1. Show the residue pairs that are 6+ apart or on different chains and have beta-carbon atoms under 7 Å apart, the first residue being within the stretch 96-112 and closer than 17 Å to SER58 by Cβ, the second being open to solvent by 40 Å² or more (accessible area, probe 1.4 Å) and polar (S, T, N, Q).
2. Run down THR68, THR85 and say which single residue is under 20 Å from ALA27 (Cα atoms), among the hydroxyl-bearing types (Ser, Thr, Tyr), touching an Asp or Glu at 6+ places or on another chain (Cβ under 8 Å) and buried (at least 16 other Cβ atoms within 10 Å of the Cβ).
3. When the stretch 2-28 is examined, which residues are found to be assigned to a loop (DSSP other than H, G, I, E, B) and either of a type in the set (Lys, Arg) or over 13 Å from GLY125 (Cα atoms) (or both)?
4. Does ASP32 satisfy the condition of being open to solvent by 10 Å² or more (accessible area, probe 1.4 Å) and part of a strand (DSSP E or B)?
5. Name the residue that is surrounded by the most Cβ atoms within 10 Å (Cβ to Cβ), counting only residues in the stretch 148-184 that are more than 17 Å from ILE4 (Cα to Cα) and among the charged types (D, E, K, R).
6. Checking ALA90 against (1) open to solvent by less than 40 Å² (accessible area, probe 1.4 Å); (2) in a loop (DSSP other than H, G, I, E, B); (3) among the small types (Gly, Ala, Ser): exactly one of these is not met. Which one?
7. Going residue by residue through the stretch 139-149, is there one that turns out to be polar (S, T, N, Q) and in a loop (DSSP other than H, G, I, E, B)?
8. When residues of the stretch 41-64 are filtered for being open to solvent by less than 10 Å² (accessible area, probe 1.4 Å) and touching a Pro at 6+ places or on another chain (Cβ under 9 Å), how many remain?
Amino acid sequence: MKKILAFDTATTFGAICALTPDRRDHAPRAGDLLEAVDRLVDDPATIDGIVVGRGPGSFTSIRIGLATARTLALALGVPVAGASTLDAYAGGMPVIDARRGEVFVPGPRVLKPEELEVDGQVLVGDGAIRYRELFEANGATIPPDGDPVHLPDALLLVERAGSFGPAELVEPLYVRDPDAKPSA
């Protein structure tokens, strides 16, 4: 069986990572991704490929994940595949905190929480937690804050990833323009 290293850094939960078939780790900040990878990977030469979460999510955090994937792929000589961070959830509709009073949802789309039709649905993710009161008032069910269903699952990224290839072909999934603008 091939060993695939997978990770995502797009949500407020920091860095989640996994090594197939079943090893997982988590770091509270996206910038701590390599520490989590070090805890998972005994011998980097045994890695056959990398899967990285492409977003949507925090612009800077997505860039950390993609830069790490590209660097590791170049150093190890392995191919990379990408998957949407929204594909890293099971157990309900993923709702990722997009900040600015918005959420990312499948589509992918970005919208205000009150615009999301949630009646009768189970919602998971950091956006579901942040807007719990509003979503529950509109008929949604949200598991308790500490439930692991709210964390993206890097092994689901592996299952749902696109084709493997050169790392530079994996593009970020931005659903809106970044806050930073080039100066004139």
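1. Partner pairs satisfying both residue conditions: ASP97/THR12.
2. One residue alone meets the criteria, THR85.
3. Matches in the stretch 2-28: LYS2, LYS3, THR9, THR20, PRO21, ASP22, PRO28.
4. Working: open to solvent by 10 Å² or more (accessible area, probe 1.4 Å): yes; part of a strand (DSSP E or B): no.
Here the answer is no, as ASP32 does not meet what is asked.
5. Applying the filter and picking the extreme gives ARG176.
6. It is condition (1) that ALA90 fails.
7. no
8. 6
The values are calculated or read from the model by the stated rules, or taken from the named source; none is laboratory data. These numbers were taken from a predicted model, which means no experiment stands behind them. Methodologically, a virtual Cβ is constructed for each residue, glycine included, from the backbone with ideal geometry; neighbour enumeration extends over all protein chains shown. What goes into the accessible areas is simple: the full protein's heavy atoms, side chains included, and nothing from ligands, DNA or RNA. Shrake-Rupley method; radii C 1.70, N 1.55, O 1.52, S 1.80 Å.
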